[in-house]
Amino acid sequence: MMMKNVDKTCYIATGKLDANQAVRNGDYPFFTCAQFPDKIDTYAFDDDVVLVAGNNANGNFHVSRFKGKFNAYQRTYVLTAKKGEDIDYIYYSLKLELKRLRERSQGSQTKFLTMSILSNIMINDIKYNDQFAISSILSRIDRKIELNNKIINELEAIAKLLYDYWFVQLDFPDENGKPYKSSGGKMVFNEELNQYIPQDWTISLIKELFTSKKSGDWGKETAQNNFTLEVYCIRGADLGGMAGEGEEKAPIRFIHKNNKDKILSNFDMVIEMSGGSPTQSTGRIAAITTELQNRFQHPLICSNFCKPISMDDSDYFYNFLYQWKSFYNSGLFFKWEGKTSGIKNLLFENFVDNYKIAKPPKEIVKNFNRIILPLEKKKQNLLIEIKELKSLRDWLLPMLMNGQVTVGEAS
């Protein structure tokens with residue numbers, strides 16, 4: 001099969017901005033070298049493009065597709081198709097080259113991809129109609145994945161809205177099924193919180209809701225000596241994907257056979273302790289459920305850069321989960337961060353030992369659970385389907401590109 005350089009198929013530009021110009025809750029996507037875009041208030045591009053990250057500490061250069069208005073970091077490459085070339089085919093061709101890009105990357109610490117390396121990557125030289133036929137099959141799978149993600153986001157938005165209505169606005173259903181506060185439910189002023197709360201709610205420190213006897217681990221890449229217990233290790237970078245907000249690729253590790261007490265179980269949660277972008281605080285959270293464990297089909301642990309906690313009362317599991325997400329989304333954790341060598345760290349103990357909340361009666365959170373649980377199960381089932389679709393797509397990609405599977409067979 002004839003081959004041609006990538007720069008024969010597309011025009012290649014770069015962004016102009018520094019990565020620290022991201023803006024929290026900006027209007028446009030801001031593509032840096034991270035796996036997922038930040039936000040920014042201005043745009044420099046408005047086109048149908050492929051984006052390639054030019055920097056990555058591990059040489060994993062992310063390739064993504066976008067159509068519309070956006071901005072880009074100065075080490076992010078922006079590719080637009082030349083006449084007679086299919087932009088999706090270019091995208092899938094470059095996805096197939098990720099491993100090769102890693103091998104060709106330069107630099108001793110932060111790996112970087114030069115314009116010369118990118119321009120000289122070789123892809124198949126085939127007619128536009130053949131390009132389109134191949135990319136259409138892969139695009140259909142990705143559109144289904146995108147649809148599932150949209151449904152997941154809608155389910156999450158419904159759950160957040162319900163949490164806000166019940167536990168922030170305090171309009172949970174009263175004994176007559178009417179919104180409590182709006183219907184004149186009795187409120188009392190609490191001096192510790194400096195606000196009014198429902199009369200039968202109590203005050204609690206965050207730390208009084210959970211225990212934290214488990215710890216993180218990183219184990220070994222391969223089974224060796226007594227490191228024989230095979231697990232998936234959840235990192236901070238995986239927490240968004242576990243909750244349906246991006247992609248998770250928790251690696252398989254091997255921990256010491258005597259460290260079974262570190263394995264996560266139902267009603268545990270994992271909280272990110274270190275990391276975060278300039279516009280993203282630490283403190284992301286993911287909940288461990290039966291459905292999540294079925295998705296991984298291996299025992300789960302978390303890395304040393306995360307904090308595992310176990311709920312003392314499982315009835316408060318989802319109430320705590322969405323309360324913590326509410327803290328994160330409000331930017332509260334920016335006030336509880338320290339820095340070590342430029343890395344942000346959540347001051348977890350300081351926060352949970354000092355921050356007080358209004359704790360609702362158990363009957364209210366049980367009613368909340370009855371509504372939330374089916375939404376959470378639906379989300380996890382969609383995530384299982386996404387995992388299967390990605391596996392199919394990743395199997396088809398090289399087969400289609402190499403001609404081992406024809407378009408008729410794949411369809």
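The values are calculated or read from the model by the stated rules, or taken from the named source; none is laboratory data. It should be emphasised that the depicted structure is a prediction, and the values quoted were computed from it without experimental measurement. Glycine also receives a Cβ, built like all others from the backbone with ideal geometry; neighbour counts cover every protein chain displayed. Quick note on the areas: whole protein, heavy atoms, side chains included, nothing else; ligands and nucleic acids left out. Shrake-Rupley method; radii C 1.70, N 1.55, O 1.52, S 1.80 Å.
Results, tabulated for the structure shown:
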read-out	value
Filter result (open to solvent by 10 Å² or more (accessible area, probe 1.4 Å) and aliphatic (A, V, I, L, M)) within region 286-301	Ala287
Search result, residues across region 148-163 that are within 16 Å of the chain's Cα centre (by Cα) and surrounded by fewer than 18 Cβ atoms within 10 Å (Cβ to Cβ)	Asn149, Lys150, Ile151, Asn153, Glu154, Ala157
Matching helices (runs of 4 or more DSSP H) fully within region 293-403 where at least 1 residues are of a type in the set (Ser, Thr, Tyr)	317-330, 362-401
Region 229-250 residues that are within 13 Å of Leu383 (Cα to Cα) and acidic (Asp, Glu), paired with ones that are at pLDDT 85 or above and open to solvent by less than 40 Å² (accessible area, probe 1.4 Å) (beta carbon under 6 Å, 6 or more apart)	Glu248/Asp238
Members of region 1-28 that are of a type in the set (Ser, Thr, Tyr) and outside any loop (DSSP other than H, G, I, E, B)	Tyr11, Thr14, Tyr28
Positions within region 356-374 being open to solvent by 30 Å² or more (accessible area, probe 1.4 Å), free of Cβ contacts under 8 Å to residues at least 60 places away in the same chain and in contact with a helix residue (DSSP H, G or I) (Cβ under 8 Å, 6 or more places away or on another chain), in sequence order	Lys362, Lys366, Leu373
Check on Tyr11, at pLDDT 90 or above and crowded, with 20+ Cβ neighbours inside 10 Å	no
The one condition in (1) modelled with pLDDT of 95 or more; (2) under 23 Å from Ile206 (Cβ atoms); (3) not polar (S, T, N, Q) that Val231 fails to fulfil	(2)
Pairs where the first residue, in region 44-71, is more than 21 Å from Val6 (Cα to Cα) and assigned to a strand (DSSP E or B) and the second is open to solvent by 20 Å² or more (accessible area, probe 1.4 Å) and of a type in the set (Lys, Arg), C-beta under 9 Å, 6+ apart	Asp46/Lys69; Asn71/Lys16
Output for region 53-64, where each listed residue is within 17 Å of the chain's Cα centre (by Cα) and modelled with pLDDT of 90 or more	Val63, Ser64
Ser281 being surrounded by 17 or more Cβ atoms within 10 Å (Cβ to Cβ), under 28 Å from Pro251 (Cβ atoms) and modelled with pLDDT under 95	yes
Selected residue (criterion: surrounded by the most Cβ atoms within 10 Å (Cβ to Cβ)) from residues of region 336-355 that are farther than 16 Å from Ser204 by Cβ and among the acidic types (Asp, Glu)	Glu337
Residue list for region 182-219, restricted to those being open to solvent by 30 Å² or more (accessible area, probe 1.4 Å), over 35 Å from the mean Cα position of the chain (by Cα) and of a type in the set (Gly, Ala, Ser)	Ser182, Ser183, Gly184
The listed residue being more than 28 Å from Glu208 (Cβ to Cβ), touching a strand residue (DSSP E or B) at 6+ places or on another chain (Cβ under 7 Å) and modelled with pLDDT of 95 or more, out of Phe320, Phe254	Phe254
Near pairs, Cβ below 7 angstrom, 6+ apart or cross-chain, from region 155-176 (closer than 13 Å to Leu375 by Cα) to any residue that is of a type in the set (A, V, I, L, M) and open to solvent by 60 Å² or more (accessible area, probe 1.4 Å)	Leu162/Ile371
Counted residues, region 302-317 - those being open to solvent by 20 Å² or more (accessible area, probe 1.4 Å), closer than 21 Å to Arg235 by Cα and in contact with a strand residue (DSSP E or B) (Cβ under 7 Å, 6 or more places away or on another chain)	4
